[in-house]
Structure formats: C-alpha cells, structure tokens
C-alpha cells in the first residue's frame, strides 16, 4: 500500500492542533478541535476527517467566517436548558463545549440541553455524542447545515435542506459505547465526493436525477445534475421518513435556537449560522442505584449474541466497528492516502519525518 | 362504496369512550383514550386506529394486562425530568398524561422530559406529540414495543427489536403542525397485516426472508417466514441507520426508564412493560419574544412553496396530508370498512343507527 502513509495518532493530533493554533485558537481549544477532526480518520469515517481540513475548515479562517477567539455566550439560562450563541467559534470545538455544559447540567438536573446558534461545521456528530457516553450519560447531537441546501423534499425540484446529521451515544457495558452517527440522507456528501476524487462509481440509490432516476456518477452532485436521496430511498420504502428526519433535525437543531434555516436562508445557501442541539441525559441521576448500567450491559450483550446469518460476520451494533478500527489505528497508526498526507505536510512540514 | 360506512367523528368518539368506560376507565380518561385511538382513522392512518380495538386493546383488559384505574406514579422528580411508573395504565391515556406533565414542566423550565415504564401500547405516537404542538411547543415521543421482538439486526437471524416508533410535532405557522410519526422499520406491522386482511400483495422492500430476499406475501410475517426490513432497506442504502434509529428509540424510551427491552425480555416477546419517552420543549420560554413562531411559519411556508416535480402534486411536509384528511373526515364522517363497522357495532349496538 505505497499510496497510504501510516501516521501515529499522537503525531496527527499535535500536528493538527498546531495548524489550528497557528490560526489563533488557544492551545486547549486547538487540541479539542484536532481530536474532533482526527476522530473521522481514527474511526475509519474518513469522509468526515482530515480531508476536510483544507477544503472546509481552513477556508473558514481565510475568509473570516470563523472567529478563533469567540466565546460561547449564554443568551438564556433556564437551568436544564440553555440558549447559546456560538459567535462563529470553530464548530469542532464549540460543539464539544456545548456537550460539556449539557453534561454538567445533566449531572445536576437529570438532563441538559444546549441549543446553539451561529456555529460552524462540527465535524463528526458522533465524536461529540461520545463525549457524553464516556461520562456514563446518553448524548444526543443534531446539527443542521446552516443555510446550505443539498436535498429537495420528496416531489420537489429545489434543494431545501442539508444532510442534517443526527447522533446518539450511550454506554454499552463492557463493549464500546453504542454510537449512531448518521446523515438523514442515504449517505453524506463526503461519501459522494470521496468517490468522485477516487474516480469510483457509486451504487444506485445514493443519487437521483431530476426525474428520480438513479445516478451512479458521483461527480454529477457537484455539477448540479443530481441530488442526494433521503434515507428510505423512494416514497414506497420510506423517503418521507428520511425527509421527515431531516426536518426533525432542522427543527431541533436550527429552528429552536434561531439559526439559519435551509429553506429560507438568505446566505446564498452557504453553511453559515449552523444550529446545533446538544442534549445529554444522566440515567444514573434519573434512576439511581446502578441498574441503568446493568440493563445497558445486558441489552448490548444480547445484540452481540444474536445468531448471525453468516457465522463469519458476527452481529454488531453501531459504534462497534468504529471502535474496532480506532483500536487498530491507535496501534499501527492512522492510514492516510498519500495525497492527503502531502496536503497536511505542506501545512506542517515536520510531518514529513513520519512519511 | 357500499363496503364503507361513514360515521360522524363525534359519534365514533363517544362510542369508543363508552367501550373504554365499560372496562372501568373514568370518563375523562376514556375520552382521551378514545380520541387517541380514533386519531388513526380520523387522519387516514387506519393501521393504528380502531382496527386495533378488538385485536390489541380489549384483550389487554380481558387478560388483566392493563389496569383501568392505575395512576401514574412519579418515582423521581428532578423538575425538568421525571421518572414515572405507569403501572400498566392504558397507554392511549398514559402517554397523553405524560405529555401533559412534560408540557407543564416545559412551560416552567424550557423543557420537560417524562421517562415512563410499565406502559401499554400508546396508539399513534403522532397523536401524543401533536398535543404538545397545539400548545405552541415541540413534542417528541418515542416508544419501544416492550418485550416484543419483530425485526432482526442487519446480519442477524433472530428478531430483537420492535418497530419502535418515533414522532416529532412542531407548530408550522398558518398551516397544520409538522408531525413526523414513523416506525423505524420500513413500515409498521399494521400496514402488513392490513394488506394480509385485504388479500393484497405488498411492494418488494417491506419484508425479507431469512436470506434477505424480498417477500411480497404479507401473510408471511405472521407465519414467521419473513421479517420487517429496517428503514434504509439494505446495508448499502442505510439499513444500519434504520436499525440504529430503532436502537436509539430502545435506549431513549426503554433503557432509560428501565422498561422491558426487546433483546433481553423474559416475557416471551410480548408487548408488556412498554417504555415511553415524552420530551417537550417550549421554544418561547427558551427564546422569548415571538421570533420562534415567525421563523417556524417562514420555514414551513418555504417548504410548501418548493417548486414541485409534478405541478398537480404540490410539495407537502409530514402532518399536512394527515391534517387534510382529518378536515375532510370531520365534515363527511370517518370511513370505516364494513367489517370493522360490524365489529364495533357488536360492542356498541347504538352504532347501528348510523349505518
């Protein structure tokens, strides 16, 4: 695999933290942003990892669309429930900070909800939800895509909503936490663009043309000739549910705090003024005595023990494969495509010593 | 249509309330349960309506599996967040009561969460979420199916989870509220059984056989020869997301309060000890000043104004078609299949005067 470079996790974290620190982030903030961004490559979800550093995050700094020094401003504090303005702080950090506040409130009130407006892109929603699960809590993260319009409603011609990710993480006993981290479209745009960069066709069912016919050329998305389909695929198999889930995220993440809304944005469809919901529930506060942890361990153990269709493919729950890949990558290093490694090395020349 | 009988909504409500009152429910409780049950037929979601009265709800009374007099017991009250035991009260009423408590708490704390265990079947989750939206709030309802096991995990042979419904309702300006009300499987079991009763085949994509092949005979479900597919259909088009959403509901609705869990239930797979989450958020408390209502009206107006693929089929959001059918049925009467009308008339002979 001479087109892949293995980079130690620690090296990658410090390199990326250095890049963010150069853009003006304070050291601790840069570390968290780096951890959030590297989470994608660590867990094998490379569409949401370092590939976005030069394509998505650094342009935010270059164009003055993120403020490295912005502090979260609490607009309304109701105890368990807070309305917060992120003032364009880097979303990779701001979402982690929102979870921190929500976790602290959950430990006091049983649950904590932070409703964030004016955020920027948060990276993997699952990274942020997982931060709550690591405290023994349930974390739910939803984010819209600001004013970005990517997918049309079923039966509609104009794109109206983004891929609107939704994530939930929960402790799962001895196994790694359950982490659902999903776009409400069939796949996120990152999966399509990765295929376009690699020159690979995509399966029928991911993109559709104007008349709904399947499109397997990933480059058709950015040429404006095809749009992402909603989870569920066609009306008969539930695309109204996928669209409804996209709208659920738009309501909880963006309508609630007053962030930009895809359908009515006047930002020309850019991913600005993103809305984020961070909801954390503390089960041991709600029903004390340790029974939640025991029930949780039994639930996820039973799923793992489900007899498999293929004996070579044991049943897993979401979060397991990602944790398995992360454990492997922590030992052997994180595999980066050579082109991505070169991109990062141009930003941080000390990285060349690794490759 | 001589195989359909039109029954005035008021008549149907009082008839069904009478049936519940005969089983021992207090008058107000019987009225709410009747309204929840008739909501399915009123909105055209007949799989979750009166067809379930003799098949699902009355057997609960006959077998002593619901207690008509049970009161909700608050096990832990943290202000915004409550742990509640439903003591097998009828779920049609208990879920409405949980929403009432959550709504009252939301008006004080910005949000209210009621985590309910030992409930019975709640009917249409959307009915309960809508009760919050009618107060200008956002209502989120999730329910597991108790110990019932209906669908296997992707790659698994044994059914582990129920159809685990999820619903969100939100005010939408001048239009009817947005109401997403979905099973996390492609369709709920009620849709399959309705097709089986009617002798109709079902589309490929709803049921799968043991090897994953499509099954279009709806009777195969109750013969144990096929299982429901998760939203997303196949692994390539997102069935892991549908399964993950089913698990999200199992965690929020049942693991949190300590209700029965599909994968580890010892009730022989029955729908007992159902768990319910009722989460209500009060946007006007979180960000006062009326801007939420204005933003909400703009968001849903923009969706309705999306140019349609077919000019005869305007774009709608979930909750609109149901509200349109309800408005029509309130005027002309609710259409009941003759066989269902006869079933109800056997329980409440005064209904014969209508037909």
Gain in length, residue B:210 to residue B:330, computed as 0.36 nm per residue apart minus the alpha-carbon separation, to one decimal in nm? 38.8 nm
Distance from the Cα centre of the stretch A:155-214 to that of the stretch B:325-355, in angstrom? 44 Å
If each label sits 7 angstrom from Cα along the C-beta direction, how far apart, in nm, is residue A:310 from its counterparts in the other copies? 3.8
Taking chain A and counting helices only, DSSP H stretches of n ≥ 4 at -39,500 (n - 2.57) each over all residues, the nearest-500 ellipticity at 222 nm comes to -11000 deg cm²/dmol
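Take every residue in peptide B:182-189, count the Cβ atoms of other chains within 10 Å of its Cβ, and give the average of those counts.
Neighbouring Cβ atoms belonging to other protein chains average 3 per residue here.
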Report the closest approach of any chain A C-beta to the axis of the A-to-B rotation: residue and distance, in whole angstrom. A:80, 2
Each label sits 7 Å from Cα toward the beta-carbon; between residue B:174 and residue B:291 the label points are separated, in nm, by 2.4 nm
For peptide B:168-176, what's the mean number of Cβ atoms from other chains within 10 Å of each residue's Cβ? 2
Need one number: nm distance between label points at residue B:157 and residue B:312, each 7 Å from Cα along Cα→Cβ, rounded to one decimal. 5.0 nm
Expressed in nm to one decimal, what extension gain is obtained for the pair residue A:23 and residue A:87 from 0.36 nm per residue of sequence separation less their Cα-Cα distance? 21.4 nm
If you count, for every residue in A:74-84, the Cβ atoms of partner chains within 10 Å of its Cβ, what is the mean? 5
If we sort B:244-250, B:176-182 on the protection proxy, mean other Cβ atoms within 10 Å, highest first, what's the order? B:244-250, B:176-182
Label position 7 Å from Cα toward Cβ: report the copy-to-copy distances for residue A:212 in nm, one decimal, ordered from shortest. 2.6
Please work out, to two decimal places, the log10 of the ratio I(q)/I(0) at q = 0.05, 0.07, 0.11 Å⁻¹ from a Debye calculation in which every Cα of the protein assembly as shown carries one identical scatterer. -0.23, -0.45, -1.15
Grab the beta carbon distance between residue B:62 and residue A:225, set R0 = 41 Å, and tell me the FRET efficiency rounded to 0.05. 0.10
Work out the FRET efficiency for residue A:270 and residue A:305 from their Cβ-Cβ distance, taking R0 = 45 Å, and round it to the nearest 0.05. 0.45
Would you look at the GNM of chain B, springs on alpha carbons closer than 10 Å, and say which of B:56, B:13, B:231 moves the most? B:56
Can you list the copy-to-copy distances for residue B:200, using a point 7 angstrom from Cα toward Cβ, in nanometres, shortest first? 4.0
If each of residue A:298 and residue A:197 carries a label point 7 Å out from its Cα toward its Cβ, how far apart are those two points in nm? 4.6 nm
Defining a contact as two alpha carbons under 8 Å apart and six or more residues distant in sequence, what relative contact order in percent does chain A show? 23 percent
DSSP-defined beta bridges in chain B - what % are antiparallel, rounded to 5: 90 percent
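Read the figures in this text as sums done on the coordinates, not as results from a lab. Predicted model, so just to flag it, every value in this text is computed and none were measured. Note that we place each Cβ from the backbone using ideal geometry, even for glycine, and neighbour counts take in every protein chain shown.
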